[in-house]
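The structure appears below as structure tokens.
The values are calculated or read from the model by the stated rules, or taken from the named source; none is laboratory data. All values reported here derive from a predicted model rather than from experimental measurement. Please note: Cβ atoms are built from the backbone with ideal geometry, for glycine as well, and neighbour counts cover all protein chains shown. Areas reflect the complete protein model, heavy atoms only, side chains present, ligands, DNA and RNA absent. Shrake-Rupley method; radii C 1.70, N 1.55, O 1.52, S 1.80 Å.
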Amino acid sequence: MKNIEILLAAYNGEKFLRQQLDSVISQLPPDCRILARDDGSSDSTGAILKSAAAGFPEKLLVLEGSVKNAGAAANFSCLLSRSCSEYVMFCDQDDVWLPSKIKRSVDRMKELEKRHGRETPLLVCSDLEVVDGNLRQIAPSFIKYAGLAPVSEKSFERLLVENSVTGCTVMINRPLKTLAAKMPPQAVMHDWWLALTAAAFGAAGYIAEPLVRYRLHGTNTFGAYRWSLSCALDRKSNLAAAQRQAAGFLATFHDKLPPGRRRIIEAFAGLDKMRWPARAIFLARHGLLRTGFVRNMGLLFEGYRLYETVGPLIRKIKN
């Protein structure tokens, strides 16, 4: 059994997959391997994975699955259910890992284990360098580029409404894997679900340096967007998705949650039942807030049609 398994969920990724595999395989320690799964690609992704596995049989195992085109979250969930290692990392098909990524993640995880204990559900993540399809730098820091706040050990309330953890930077330990492995259909993405679970029942650690070259090329499942005032006011809110995820989280962990936190999650999941401004007061009172003043105005006034009124005005001024 390997100590670390890297889960690579692939789908129609032939353009960049080989380069990503090279960046990961080149830094694999002896106790580490890649578990990969193709989600029914129509290009040569499957053939690339099988060729790499034939060349590095001790470092790469390609899993077969009957379900195809299930989506990124389901693909990662399937991989997670097949993993049997002490630690798990997540890998996107189109990025490039910097040479120190695995070592830096392991070192940070050991620090968290020393502080919280090895039986505590733990998550480690890092910043990313944002690059274009040809690996030319767009921004040195994804967190700053997107105007987000790094995850911290007191991030649960914010994580209910906003995700600042990028899956391709994540390492988790076995206790978190065991706790979070069965993601419900309401989970938006595996990284958000894992971060919520770690914040609720354990701890998360952040590495304030880029360990991944995060490639934006126009076909990303979930891409970075540059933070701006007009973007914050005009961008469609994902509040409804966050509420559905909260309902799934409550159903999954109902008996494990402290009563106070359980009531907050239940109220947030049913936020649509509250009238404005009661729900704005509820969000502010319990710290269910996003990063920054403008994002929070959008959140607190969402029921008051802020996006429909202020957003077009900002666009008009900008044009």
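So here's what we get for this one:
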item	result
Single residue of Ser85, Ser141, Ser126 found to be within 14 Å of the chain's Cα centre (by Cα), at pLDDT 95 or above, more than 19 Å from Phe201 (Cβ to Cβ) and polar (S, T, N, Q)	Ser126
Scope region 275-293; condition hydrophobic (A, V, I, L, M, F, W, C), in a helix (DSSP H, G or I) and open to solvent by less than 60 Å² (accessible area, probe 1.4 Å); matching residues	Ala278, Ala280, Phe282, Leu283, Ala284
Among the candidates Lys59, Lys110, residue that is farther than 19 Å from Lys177 by Cβ, of a type outside the set (Val, Ile, Thr) and modelled with pLDDT of 95 or more	Lys59
Listing of strands (runs of 3 or more DSSP E) fully contained in region 1-76 that carry 2 or more residues being closer than 17 Å to Cys91 by Cβ, more than 22 Å from the chain's Cα centre (by Cα) and among the acidic types (Asp, Glu)	none
Filtered residue count, region 40-63, keeping only those that are without any contact (Cβ under 8 Å) to a residue 24 or more places away in the chain and surrounded by fewer than 16 Cβ atoms within 10 Å (Cβ to Cβ)	6
Top-ranked residue of region 1-14 - restricted to ones that are of a type in the set (D, E, K, R) and at pLDDT 95 or above, ranked as surrounded by the most Cβ atoms within 10 Å (Cβ to Cβ)	Glu5
Top-ranked residue in region 226-260 [being among the hydroxyl-bearing types (Ser, Thr, Tyr) and open to solvent by less than 50 Å² (accessible area, probe 1.4 Å); ranked as modelled with the highest pLDDT]	Ser237
Some residue of region 271-292 being modelled with pLDDT of 95 or more and within 23 Å of Pro121 (Cα to Cα)	no
All positions within region 112-170 that are part of a helix (DSSP H, G or I) and open to solvent by less than 10 Å² (accessible area, probe 1.4 Å)	Leu112, Ala146, Phe156, Leu159, Leu160, Val161, Gly167, Cys168, Thr169
Enumeration of residues in region 56-77 that are touching a Lys or Arg at 6+ places or on another chain (Cβ under 7 Å) and farther than 20 Å from Leu21 by Cα	Gly65
